[in-house]
Amino acid sequence: MQHNVSNPLLLSTTLRALRKAKGLTQEQAGSSVGLLPKTISALENNAETVSIISLLKLVSALDFELILQPKPRPDEHQGAW
């Protein structure tokens, strides 16, 4: 499943939802990739303050990957005529 994340708040809530959907505690998610529970908590509450390395480690622990793609242009949302 794809999750479009466009701001830090959405990133935080998405990471929390993904972790909980996998049935993992913060400790379990962090231990598999060498992150402390407090780092997982920081990512889930204020992603602006955590390093990109920690973000990538948590994404990996949740069996996801980070993909960057261009934002759709406004005219791409409308049907072609």
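Table for the structure above
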item	result
LEU35 vs. criteria surrounded by 12 or more Cβ atoms within 10 Å (Cβ to Cβ) and either at pLDDT below 95 or under 12 Å from the mean Cα position of the chain (by Cα) (or both)	no
Condition check for SER41: surrounded by fewer than 17 Cβ atoms within 10 Å (Cβ to Cβ), small (Gly, Ala, Ser), more than 10 Å from the chain's Cα centre (by Cα) and part of a helix (DSSP H, G or I)	yes
Neighbours by Cβ (under 8 Å, 6+ apart or cross-chain): first from region 18-38, more than 18 Å from GLU65 (Cα to Cα); second open to solvent by 40 Å² or more (accessible area, probe 1.4 Å) and assigned to a loop (DSSP other than H, G, I, E, B)	PRO37/THR25
GLU27, sole failed condition from (1) open to solvent by 90 Å² or more (accessible area, probe 1.4 Å); (2) under 21 Å from ASN7 (Cβ atoms)	(2)
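The values are calculated or read from the model by the stated rules, or taken from the named source; none is laboratory data. Just so you know, these numbers come straight off a predicted model, no measurement behind them. Virtual Cβ from ideal backbone geometry, glycine too; neighbours counted across all protein chains shown. Calculation scope for accessible area: heavy atoms of the full protein, side chains included, ligands and nucleic acids excluded. Shrake-Rupley method; radii C 1.70, N 1.55, O 1.52, S 1.80 Å.
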